[in-house]
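*Asks:* Could you have a look at this structure, given as structure tokens, before my questions?
The values are calculated or read from the model by the stated rules, or taken from the named source; none is laboratory data. What you see is a predicted model; the values in this text were computed from it and never measured. Glycine gets a Cβ as well: all are built from the backbone with ideal geometry, and neighbour counts include every protein chain shown.
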């Protein structure tokens, strides 16, 4: 279990492989070199961000807090939009022309491919800058440096860090899934007085959950199951300390933590896959760069 | 509970407002004039089917058994693709240029808008024949007939049958969700020896489930919860009778039925929303418009 007060975390200028100006608050940082790593941040984008249509070998939730960001045919994220971008599925191009704030968790998905740790990422980028340059989401190798001359920037970084070719999982969903959380209904949560739930979905064969919970003052909510619980508003206590807007809780499988509300509170659950349901060893991947070969 | 042997149902020529030739086997048909209606059928398309990009005020699962069908930017459904087309979300255009076979259930979604019964639809189509013509998914009113000159053909049929303008639910998902069921993993189903599950997803605030179950010979699966269980392969017994390929079971909320496999069997669950979780009376709808708004 990890608990972090988001408003106590520094805001860093972020070196981005995607171009544009980006500042980040690191909220919860995993350090698992296996399939279970994750990285949860608040991203403040300056609005000149662009990345081409691409796919990843990891999963990602994005919750839009302020501003807008377009993802091409996948749709536009506005405040209250929650996007699930599954491993292997193409999405974007991603483009924003106005400042915007988004909560993002990237994590090892059902394939068991894992997710680069910050140390792995940092070390790779330092070396890569000496061997080429990043521009608008693409890595260009210097003349004479072995390897593909141009490559999606994240893929290039991953391959550099791991020392092997990236393989993409066959996607379970054809596209990113965007949910307008404003259009879901609050429903009483069974057996929990004073708590209502918006159930956004359960995704993939790893049963990755997504929901919001609204607590009346005085209500108690027990958070269970592997995932991140992110406080959108309200205040109360959490495991002996306070919680407030941007408090972030990571709960591992088998753990539980209790929110006790003193004010009306809203908490977003960004579920993570139970590691016992992930594939190991990694199986059934595709290596193609050809989008047409994917599910859609 | 309703149990139907699919291979005993006649294959009927179907009148369609979408153009092209379709034959249908009606498997399970609701006759609920309230919020719980549904219609489950096997559709044999000749391959010249076309409908423009459009949306509905009901939900739909489509499971592709044979052939291919394109849905434009949403992707291509190939054998084994399961599509969830949610109320209010635009999809398509839908085209197919080869014969294909698809299992389709259309049903009243979380908004509580309901779903037109087959008898109401037939009466409307008969009456509308003298008022205009259907062509490639659009209804063209004859000169002098009151109402919009052109309208999406389903919307026109619905409005004629109901005698009021259609309003669309605000979509919970921006787009249709296409799942490649071949890319999901079989996982043991807790507490059910010899049964494995592929969990495809649980969607909307009504928690609409979809999954597949594989039964070893001798294994038993207790089906529960509102939905349709559709046998894709195998044989055994079901509630005192036989099950085999295309046997279709409808369970209402609170009901249960037991499949006992004599051969390795595969059963697809197409969940339906619990009526108790649906909205009533209809809230927060938006008037039907011809323009597709910016995506969610």
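*Asks:* Applying the selection to the stretch A:156-175, what residues are at the interface with chain B (Cβ under 7 Å from one of its Cβ atoms) and in contact with a helix residue (DSSP H, G or I) (Cβ under 6 Å, 6 or more places away or on another chain)?
*Replies:* If the condition is that a residue be at the interface with chain B (Cβ under 7 Å from one of its Cβ atoms) and in contact with a helix residue (DSSP H, G or I) (Cβ under 6 Å, 6 or more places away or on another chain), then A:170, A:172 are the ones that fit.
*Asks:* Still on this structure, please answer the following. Condition first: more than 14 Å from the chain's Cα centre (by Cα) and assigned to a strand (DSSP E or B). Now tell me which residues in the stretch A:30-59 satisfy that.
*Replies:* Of the stretch A:30-59, the ones more than 14 Å from the chain's Cα centre (by Cα) are A:31-35, A:44-54.
The answer is A:44, A:45, A:49, A:50, A:51, A:54.
*Asks:* Sticking with this structure for a sec: Among the residues of the stretch B:175-193 satisfying the criterion of being assigned to a loop (DSSP other than H, G, I, E, B) and under 13 Å from residue A:173 (Cβ atoms), which is farthest from the other protein chains (Cβ to nearest Cβ)? Talk me through it step by step, then tell me what you get.
*Replies:* Initially, the stretch B:175-193 is screened for residues assigned to a loop (DSSP other than H, G, I, E, B), giving B:175-176, B:184-186, B:189-193.
Subsequent filtering for residues that are under 13 Å from residue A:173 (Cβ atoms) retains B:175-176, B:184.
Numbers: B:175: 6, B:176: 9, B:184: 5 Å.
For the stretch B:175-193, the residue satisfying everything is B:176.
*Asks:* In this structure, is residue B:295 modelled with pLDDT under 95 and either within 14 Å of chain A (Cβ to nearest Cβ) or part of a strand (DSSP E or B) (or both)?
*Replies:* yes
*Asks:* So, one more: Sort out for me the strands (runs of 3 or more DSSP E) sitting completely within the stretch A:197-285 that have 1 or more residues that are within 13 Å of another protein chain (Cβ to nearest Cβ), out of contact with any helix residue (DSSP H, G or I) (no Cβ under 7 Å at 6 or more places or on another chain) and under 30 Å from residue A:173 (Cα atoms).
*Replies:* Passing ranges, in order: A:208-215, A:265-271.
The rows are residues; the columns are (1) more than 22 Å from residue A:49 (Cα to Cα); (2) under 19 Å from the mean Cα position of the chain (by Cα).
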site: A:118; (1), (2): no, yes
site: A:121; (1), (2): no, yes
site: A:126; (1), (2): no, no
site: A:129; (1), (2): no, no
site: A:137; (1), (2): no, yes
site: A:140; (1), (2): no, no
site: A:146; (1), (2): yes, no
site: A:150; (1), (2): no, no
site: A:157; (1), (2): no, yes
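*Asks:* Take the conditions within 14 Å of chain B (Cβ to nearest Cβ), in a helix (DSSP H, G or I) and modelled with pLDDT under 95 and apply them to residue A:296. Does it pass?
*Replies:* No.
*Asks:* Still on this structure, please answer the following. Being under 30 Å from residue A:203 (Cα atoms) and in contact with a strand residue (DSSP E or B) (Cβ under 7 Å, 6 or more places away or on another chain) narrows it down to one residue among A:100, A:131, A:142; which is it?
*Replies:* Result of the check over A:100, A:131, A:142: A:100.
*Asks:* Quick one: in the stretch A:181-192, which of the residues that are free of Cβ contacts under 8 Å to residues at least 24 places away in the same chain and more than 9 Å from every other protein chain (Cβ to nearest Cβ) is surrounded by the most Cβ atoms within 10 Å (Cβ to Cβ)?
*Replies:* Here the answer is A:188.
*Asks:* Hey, another quick one. In the stretch A:60-155, which strands (runs of 3 or more DSSP E) lie fully inside it and hold 1 or more residues that are within 14 Å of chain B (Cβ to nearest Cβ) and surrounded by 21 or more Cβ atoms within 10 Å (Cβ to Cβ)?
*Replies:* A:81-85, A:94-96
*Asks:* Quick test of your reading of the structure: residue B:183 fulfils all but one of (1) without any contact (Cβ under 8 Å) to a residue 12 or more places away in the chain; (2) closer than 30 Å to residue B:72 by Cα; (3) touching a strand residue (DSSP E or B) at 6+ places or on another chain (Cβ under 7 Å). Name the failing condition by number.
*Replies:* Going through the list (1) without any contact (Cβ under 8 Å) to a residue 12 or more places away in the chain; (2) closer than 30 Å to residue B:72 by Cα; (3) touching a strand residue (DSSP E or B) at 6+ places or on another chain (Cβ under 7 Å), residue B:183 breaks only (3).
*Asks:* On to the next question. Give, as residue ranges, the strands (runs of 3 or more DSSP E) completely inside the stretch B:65-121 that count at least 2 residues that are away from every other protein chain (no Cβ under 14 Å).
*Replies:* Fully inside the stretch B:65-121 and qualifying: B:94-96, B:100-107.
*Asks:* Under the condition of being surrounded by 18 or more Cβ atoms within 10 Å (Cβ to Cβ) and modelled with pLDDT of 95 or more, which residue from the stretch B:92-108 is farthest from the chain's Cα centre (by Cα)?
*Replies:* B:102
*Asks:* Next question, about the same structure. Anything in the stretch B:146-174 that is within 14 Å of chain A (Cβ to nearest Cβ) and in contact with a helix residue (DSSP H, G or I) (Cβ under 7 Å, 6 or more places away or on another chain)? List them, or say none.
*Replies:* Residues satisfying the conditions are B:170, B:171, B:172.
*Asks:* If you go through the stretch B:144-161 one residue at a time, do you hit one that is in contact (Cβ under 8 Å) with a residue 40 or more places away in the chain, part of a loop (DSSP other than H, G, I, E, B) and crowded, with 18+ Cβ neighbours inside 10 Å?
*Replies:* For the stretch B:144-161, residues in contact (Cβ under 8 Å) with a residue 40 or more places away in the chain, part of a loop (DSSP other than H, G, I, E, B) and crowded, with 18+ Cβ neighbours inside 10 Å: absent.
*Asks:* Being closer than 30 Å to residue B:113 by Cβ, touching a strand residue (DSSP E or B) at 6+ places or on another chain (Cβ under 9 Å) and without any contact (Cβ under 8 Å) to a residue 60 or more places away in the chain is the filter here, so list the residues in the stretch B:233-277 that pass it.
*Replies:* Listed by number, the residues that qualify are B:254, B:256, B:267.
*Asks:* Next question, about the same structure. Given (1) at pLDDT 95 or above; (2) in contact with a strand residue (DSSP E or B) (Cβ under 6 Å, 6 or more places away or on another chain), identify the lone condition not met by residue A:194.
*Replies:* Exception for residue A:194: condition (2).
*Asks:* Look through the stretch B:128-143, keep the residues that are assigned to a loop (DSSP other than H, G, I, E, B) and surrounded by fewer than 17 Cβ atoms within 10 Å (Cβ to Cβ), and return whichever of them is farthest from the chain's Cα centre (by Cα).
*Replies:* Per the criteria, the residue is B:143.
*Asks:* Given the conditions (1) surrounded by fewer than 24 Cβ atoms within 10 Å (Cβ to Cβ); (2) within 7 Å of another protein chain (Cβ to nearest Cβ); (3) assigned to a strand (DSSP E or B), which single one is not true for residue A:178?
*Replies:* Going through (1) surrounded by fewer than 24 Cβ atoms within 10 Å (Cβ to Cβ); (2) within 7 Å of another protein chain (Cβ to nearest Cβ); (3) assigned to a strand (DSSP E or B) one by one, residue A:178 breaks only (1).
*Asks:* Let me ask another. Restricting to the stretch B:194-224, what's the tally of residues that are within 14 Å of another protein chain (Cβ to nearest Cβ) and in contact with a strand residue (DSSP E or B) (Cβ under 7 Å, 6 or more places away or on another chain)?
*Replies:* If we filter the stretch B:194-224 for residues that are within 14 Å of another protein chain (Cβ to nearest Cβ), which is where we start, we get B:196-214.
Filter once more, keeping what is in contact with a strand residue (DSSP E or B) (Cβ under 7 Å, 6 or more places away or on another chain): B:196-203, B:205, B:207-214.
Of the residues in that region, 17 qualify.
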